[in-house]
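A short reminder: the numbers here are calculations on the coordinates, not readings from a lab. Just so it is clear, the structure is predicted and the values come from calculations on it, not from any experiment. We place every Cβ from the backbone using ideal geometry, glycine too, and count neighbours over all the protein chains shown.
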There are 2 protein chains.
Amino acid sequence: MQAALQEALTATSHAVERVLEPILAVPPGSEARVVEAMRYAVFSGGKRLRPFLVLASANLFDVDRKQALRVAAAIECVHCYSLVHDDLPAMDDDDLRRGKPTLHKAFDEATAILAGDALLTLAFEILASEETHGDPMIRLELIKSLAHASGHQGMVGGQMIDIRAGEGGSMDEAAVCRLQQMKTGALISFSAEAGAIMGHAGKKARHSLQGYARDLGLAFQIADDLLDVEGTPEETGKATGKDADAGKATLVSLMGVERARRQAGLLADQAIAHLAEFDERASLLRAVAHFAINRRT
Amino acid sequence: MQAALQEALTATSHAVERVLEPILAVPPGSEARVVEAMRYAVFSGGKRLRPFLVLASANLFDVDRKQALRVAAAIECVHCYSLVHDDLPAMDDDDLRRGKPTLHKAFDEATAILAGDALLTLAFEILASEETHGDPMIRLELIKSLAHASGHQGMVGGQMIDIRAGEGGSMDEAAVCRLQQMKTGALISFSAEAGAIMGHAGKKARHSLQGYARDLGLAFQIADDLLDVEGTPEETGKATGKDADAGKATLVSLMGVERARRQAGLLADQAIAHLAEFDERASLLRAVAHFAINRRT
């Protein structure tokens, strides 16, 4: 199953890049630089977890794959924008991302700010297009959900909490869980729900996928925090040990490595349990829950 | 007429703030800081030119004022986000905006980046809501147009060109016009067109409003450049003489003060000529064209 998953992740990555390639064609004017920066951010060999979740959930409801890929591409634009802005000197000040210089290192800070802004904007432009779904109400629901997941009530709000947590003050496990649910969980949840939205799925199926994604997202985050403690920059393609250096509370620092690893395993099992109503078409969603906690990058 | 215009601009400003007040209610968690920063950016006493254009164009087509105000608020969020990001140290590095410390001075850079991101996201969330317009296709067209006007093909692209122009290389009048059309013109055009979109206006009326807004936007920009040369920080509420210090080509530096002033006057007349088909309901749109070139702030 893990081989099939790897294959699916790779196929997803290529397919999303094929969608974005013509959309991010470099124009002739000197605004070309911001498009080149957007391309650098997007064509960067990420895991494409969010696009994968969109395609896998869309597959449960017989959604047209071409349309699901556009939603996947839009969400990946939002994810990549958030990484570009998070890496900025005024934020996490990271020099390395996926083994390459971060965008503001490869270009410059102004271009990184603008490229992030443009990727966020592009995501909504993609979702609004009729190529993305024939039903206008579905497109609007996708736009609303994406905005809610990524704005001040979601990802940006979570990033704000994270920054303030780094400035001192102590957080308990509940507070860290809430932070993670906003900072990374909301967009992961939307990714898993997007297929259900596109497929006009019923409340029960949507609820199940939300539960799955909530647990998966947290398991994924704990695995990330474990890698920050135990991984090497060679494995992860970015600086490690940053949370501890910054004195940031994570579930790993609060629970200890052993309990955190057990907790991640429990969350992965729990995520899979939410998928009970789906048949073997959900097998890749089950496999990714195992992958989330066993990966080394 | 100028008194009626001032009254309308003030009323617009208050009405837009009343729309945004509940949407930007400060939450209890520590993500509150980013919402406070969004409020600082938005409740800042700008001229509200773009919201005014939305309301004035909506008025031509009997659009519900409450709905037009939501579109106006969304556009103002995008305008304010662009100012916040443009003011950052990595961009224009401005300390003063509308007579107050810029957002990153009043808060900090990380919060300013996040608040800008969240305002951009919020704009799309507002437009996607059914409170904004009963017709889903109209909401989607507003979203598409806003994304196009503000992304890499519009405002962000223009800002990128502007930054590169400041790094050397010479621009002629045509290149500066294209830059301005993207950087500020596209959002101003969309503002004037938004009422027509909301009111299901015909092609001819939309075309006229586009022409009006194109000329108005450029006249406004020349007036801005003239103020940068001739105004004082006390009048404009921001640093002046910046373009010359940065060695940036503007229409004023290329044409000289006298020719630029005449050109702005011609553009204002031309803008008004585009409104010939509209009756006295367009009188405020005509008045704002005069205001654009005669203002001191």
Pairs of alpha-carbon atoms within less than 8 angstrom and 6+ residues apart define the contacts here; what relative contact order does the range A:2-294 have, in percent? 20
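Please grab the % of Cα pairs in the protein assembly as shown that end up more than 41 Å from each other.
Working: 42133 of 176121 pairs.
Above the 41 Å cut-off, the protein assembly as shown has 24 percent of its Cα pairs.
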Modelled FRET efficiency - R0 51 Å, A:Glu230 with A:Asp64, Cβ distances, 0.05 increments: 0.80
With Cα springs under 10 Å, the Gaussian network model of chain A assigns the largest mean-square fluctuation among A:Ala58, A:Ala276, A:Ala219 to A:Ala276
Considering the dipole of the protein assembly as shown built from charges on the beta carbon (Lys and Arg +1, Asp and Glu -1) around the Cα centre, which of A:Ala201, A:Ile113, A:Gly237 is farthest to its positive end? A:Ala201
Considering only A:Leu88, A:Ala264, A:Leu275, whose Cα is most displaced toward the positive end of the charge dipole of the protein assembly as shown, charges sitting on Cβ of Lys, Arg (+1) and Asp, Glu (-1)? A:Leu275
Computed over chain B, the distribution of all Cα-Cα distances in 5 Å bins, rounded to whole %, is 1, 6, 12, 17, 19, 19, 14, 9, 4, 1, 0
Using the number of other C-beta atoms within 10 angstrom as an exposure proxy, rank A:Ser191, A:Ser253, B:Ser283 with the fewest first. B:Ser283, A:Ser253, A:Ser191
About the Cα centre, charge dipole magnitude for chain A (Lys/Arg +1, Asp/Glu -1 at Cβ), debye: 600
Stretchable slack from A:Glu277 to A:Ala239, in nm (0.36 nm times residue separation minus alpha-carbon distance): 9.6 nm
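Please arrange A:Arg98, B:Arg18, B:Arg286, B:Arg178 by counting, for each residue, the other beta carbons lying within 10 Å of its beta carbon, fewest first.
Taking fewest neighbouring Cβ atoms as first place, the list is B:Arg18, A:Arg98, B:Arg178, B:Arg286.
222 nm [θ] for chain A, helices only, -39500 (n - 2.57) per DSSP H run of 4+, per residue, to 500?
Details: 16 runs with 210 residues, N = 297.
After summing the helix terms and dividing by the residues of chain A, the value is -22500 deg cm²/dmol.
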In the range A:2-294, taking the dipole from +1 charges on Lys and Arg beta carbons and -1 charges on Asp and Glu beta carbons about the Cα centre, the listed residue (A:Val156, A:Ile188, A:Ala41) farthest towards the positive end is A:Ile188
Sparsely packed GluC sites (Glu not before Pro) within the range B:138-202, loop by DSSP, other Cβ within 10 Å at most 13: B:Glu167
Quick one: compute the contact order of the range A:129-208, relative version, from alpha carbon pairs under 8 angstrom and 6+ residues apart, as a percent. 33
Over the C-alpha atoms of the range B:1-98, what are the Rg and the largest Cα-to-Cα span, Dmax, in Å? 14.9, 47
Where is the GNM fluctuation largest for chain A (alpha-carbon springs, 10 angstrom cutoff): A:Pro28, A:Pro136, A:Pro233? A:Pro28
With the 8 Å Cα cutoff and a minimum separation of six or more residues, the range B:12-171 has a relative contact order in percent of 21
Magnitude of the Cβ-charge dipole (Lys and Arg +1, Asp and Glu -1) of the range B:36-96 about the Cα centre, nearest 20 debye, reported as 540
Pairs A:Lys47/A:Lys144; A:Lys47/A:Lys100; A:Lys183/A:Lys248: which are spaced more than 18 Å apart, C-alpha to C-alpha? A:Lys47/A:Lys144
Apply 1/(1 + (r/R0)^6) to the Cβ-Cβ distance of A:Ala25 and B:Ala3, taking R0 = 60 Å, and write down the FRET efficiency to the nearest 0.05. 0.75
Can you give the Rg and Dmax of the range A:219-290 based on its C-alpha atoms, in angstrom? 14.6, 45
One finds, for A:Thr10 and A:Ala246 with R0 = 30 angstrom and r their Cβ-Cβ distance, a FRET efficiency to the nearest 0.05 of 0.35
Just want the ordering: B:Tyr40, B:Tyr212, from fewest to most Cβ atoms lying within 10 Å of their own Cβ. B:Tyr40, B:Tyr212
If a helix is a whole DSSP H run, which ones in chain B reach 27 Å or further along their own axis (Cα) and hold a mean Kyte-Doolittle hydropathy of at least -1.0? B:2-23, B:65-86, B:109-128, B:203-230
Two-decimal Rg/Rh of the range A:118-225 from alpha-carbon positions, Kirkwood Rh? 1.03
